[in-house]
Amino acid sequence: MFIKIAGLPRRIKILIMLLCDVLLLPLALWSAVALRLGTFSPDVSAFVWLFFLVPFVTVPIFIRVGLYRAVIRYMDDKIIYTVVSGVTLSVLLLMGAVMMGRATGLPRSSVIIYWVIAIAYIAASRFIARGLMRTLEKKGDRRQNVAIYGRSEEHTSELQSH
């Protein structure tokens with residue numbers, strides 16, 4: 001299955017990342033509320049609209065900060081900065097929506113917990129994808145190691161001129 005994903009066009013892979021984010025962001029918010037309230041089944045009925053709002057606010061931010069431009073296979077640790085900046089902007093807008101929408105029942109500290117969990121979920125998804133892609137590259141790599149020895153053309157021309 002992962003080999004099929006590795007062979008997909010780049011646009012499809014970006015769409016898969018985007019869909020993962022659409023699922024992970026509400027999960028991060030739910031995890032934050034559940035951790036804050038100390039239960040696996042928190043009552044979120046008063047602010048359930050936030051779970052739908054979070055991906056619609058955050059995904060455009062991720063697009064704007066360039067999170068979907070990164071090539072997973074070759075990304076480096078700089079992606080953390082991009083994730084942190086994107087999630088931070090998202091949290092600021094989420095706090096504004098909570099205040100304007102007067103979301104009752106949402107513990108304010110759960111927004112900070114959401115910030116940490118969302119960064120962890122989004123960054124972890126990228127690094128897991130990178131690990132899978134690199135593993136698939138190594139398995140599919142049929143190149144043979146060779147040693148190249150001899151003189152370079154520059155070195156040869158220098159010897160001939162003397």
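The values are calculated or read from the model by the stated rules, or taken from the named source; none is laboratory data. Since the structure is predicted, the reported quantities are computational estimates derived from the model, not experimental observations. Cβ: placed from backbone, ideal geometry, glycine included. Neighbour counts: every protein chain shown.
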* Asked: In the range 89-116, how many are buried (at least 18 other Cβ atoms within 10 Å of the Cβ), part of a helix (DSSP H, G or I) and not small (Gly, Ala, Ser)?
  -> 7
* Output yes when any residue across the range 27-38 is modelled with pLDDT under 90, among the small types (Gly, Ala, Ser) and assigned to a helix (DSSP H, G or I), and no when none is. => no
* To do: Among the residues of the range 39-72, count how many are among the basic types (Lys, Arg) and modelled with pLDDT under 90.
  => 1
* Confirm whether LEU8 is touching a residue at least 12 places away in the same chain (Cβ under 8 Å) and either among the aliphatic types (A, V, I, L, M) or under 17 Å from VAL83 (Cβ atoms) (or both). => no
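Quick grid of which residues meet (1) among the charged types (D, E, K, R); (2) at pLDDT below 90; (3) farther than 20 Å from PRO42 by Cα:
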{"position": "THR82", "(1), (2), (3)": "no, yes, yes"}
{"position": "THR88", "(1), (2), (3)": "no, no, yes"}
{"position": "TYR114", "(1), (2), (3)": "no, no, no"}
{"position": "ILE117", "(1), (2), (3)": "no, no, no"}
